[in-house]
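J.: Here's a structure for you.
The values are calculated or read from the model by the stated rules, or taken from the named source; none is laboratory data. Predicted model only: the values in this text are computed from it and were never measured. Here the Cβ is made from the backbone with ideal geometry for all residues, glycine too, and neighbour counts use every protein chain on show.
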Amino acid sequence: MESALISGFLLNGEGGGKEVDWAEIHNWSADQGLLWLHLDLKLEKTQQWLEGESGLDPLALEALQAEDTRPRCLSYPNGLLVILRGVNLNPGADPDDMISLRVWLEPKRIISIRHRKVMAVDDIRKNVLEGDAPIDAGDFLFRLTQGLAYRIGDVLSQIDDEVDALEDEVLEQGSFEQRRKLSNLRRQIIRIRRYLAPQREVMTRLQTEKSPVITELNRIQLREIADHITRYVEDLDSAKDRAAVCQEELENRIGAQMNKTLYILSIITATFLPLGLITGLLGINVGGIPGSENPLAFVFVCLLLLAIVVGQVFIFKRVHWV
């Protein structure tokens, strides 16, 4: 079971903490301090411990082990369940492939569970090792949501920069490559907003949640995080609208270019159609080509065709086709 434990800490409530193993976890009692366990849900041993030894409510267990989750929070008589999402900043991953993090909080115990590595959790772990551990479960929740929010903000800043760059490119020139970039960007925005909007609701609800885990100071702190996430959602909506306008402008430019090309081809076709008719009539004359005995006949035909072209150009200009 040792491998199921990513990290375990016993926090003293004054900023200090020490790492613990499964033997110490089994012997832990609430009077020893705040216990924080960070587990890997992909491992079967984690699920065995949750179901057999954690003592959690069956409904909370089901939510903690669910395959697909959306941000939400549920209050229980003995604790608080919070499910959040964070941007995926792991090497080779797409930030919009948002990572689920499930957290169970009691006044004297915290259980955090993840499928993939979450940078915000690593920040808290480093804080503990540096002597700046959370003082209680509410402080842990604040630090966690703060770390998730800041990283989301960094990704949204990059998205905003990409939209700015694409707006400039579309104004200068339109191409199919830019259309592909805009489509990918809009898809990324939609995927992030899919989880960020309900996460905003979670942060709003946590401010009023009646739980012994959350203090008045925590409510004030969580309100700030909720304001940040609300602004992020608004920024996403703005970026989505700007990307849509860019794509519409790009489609108009590409459509105009194609129409111009088709127009030029139509003019060329209209120009050479009568010439082809004349030369075709001469070619199918089975009784002999007129003027075949005259050495100047070819020159006369060429001059006739040239005159027709000049006449067509004159007519096209009069009717403003060219």
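J.: Can you find even one residue in segment 54-67 that is outside any helix (DSSP H, G or I), in contact (Cβ under 8 Å) with a residue 40 or more places away in the chain, closer than 20 Å to E209 by Cβ and not charged (D, E, K, R)?
T.: yes
J.: Quick check on segment 175-190. Is at least one of its residues touching a Pro at 6+ places or on another chain (Cβ under 9 Å), in contact (Cβ under 8 Å) with a residue 24 or more places away in the chain and in a helix (DSSP H, G or I)?
T.: yes
J.: If you don't mind, another one. Are there any pairs, at least 6 apart or on different chains, whose C-beta atoms fall under 9 Å, with the first in segment 71-83 and within 10 Å of D57 (Cα to Cα) and the second surrounded by 15 or more Cβ atoms within 10 Å (Cβ to Cβ) and among the small types (G, A, S), and if so, which?
T.: Within 9 Å, the pairs are Y76/A60; Y76/S211; G79/A60; G79/A137; G79/S211.
Residue-by-condition table, conditions (1) of a type in the set (S, T, Y); (2) surrounded by 21 or more Cβ atoms within 10 Å (Cβ to Cβ); (3) out of contact with any Cys (no Cβ under 7 Å at 6 or more places or on another chain):
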{"position": "R193", "(1), (2), (3)": "no, no, yes"}
{"position": "L196", "(1), (2), (3)": "no, yes, yes"}
{"position": "T204", "(1), (2), (3)": "yes, no, yes"}
{"position": "T208", "(1), (2), (3)": "yes, no, yes"}
{"position": "L217", "(1), (2), (3)": "no, no, yes"}
{"position": "T230", "(1), (2), (3)": "yes, no, yes"}
{"position": "E234", "(1), (2), (3)": "no, no, yes"}
{"position": "E249", "(1), (2), (3)": "no, no, yes"}
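J.: Check whether at least one residue in segment 163-172 is part of a helix (DSSP H, G or I), touching a residue at least 60 places away in the same chain (Cβ under 8 Å), of a type in the set (G, A, S) and in the same structural domain as Q207 (by TED's automatic domain parsing), and report yes or no.
T.: No, that holds for no residue.
J.: Next question. Just checking, does segment 56-67 include any residue being within 23 Å of the chain's Cα centre (by Cα) and either closer than 22 Å to N218 by Cβ or in the same structural domain as E24 (by TED's automatic domain parsing) (or both)?
T.: yes
J.: Also, I was wondering about something else. Starting from segment 85-114, take each residue that is free of Cβ contacts under 8 Å to residues at least 60 places away in the same chain and in the same structural domain as A66 (by TED's automatic domain parsing) and list its partners that are basic (K, R) and assigned to a strand (DSSP E or B), counting only C-beta distances under 7 angstrom and pairs at least six apart or across chains.
T.: I99/R85; I99/R114; S100/R85; L101/R114
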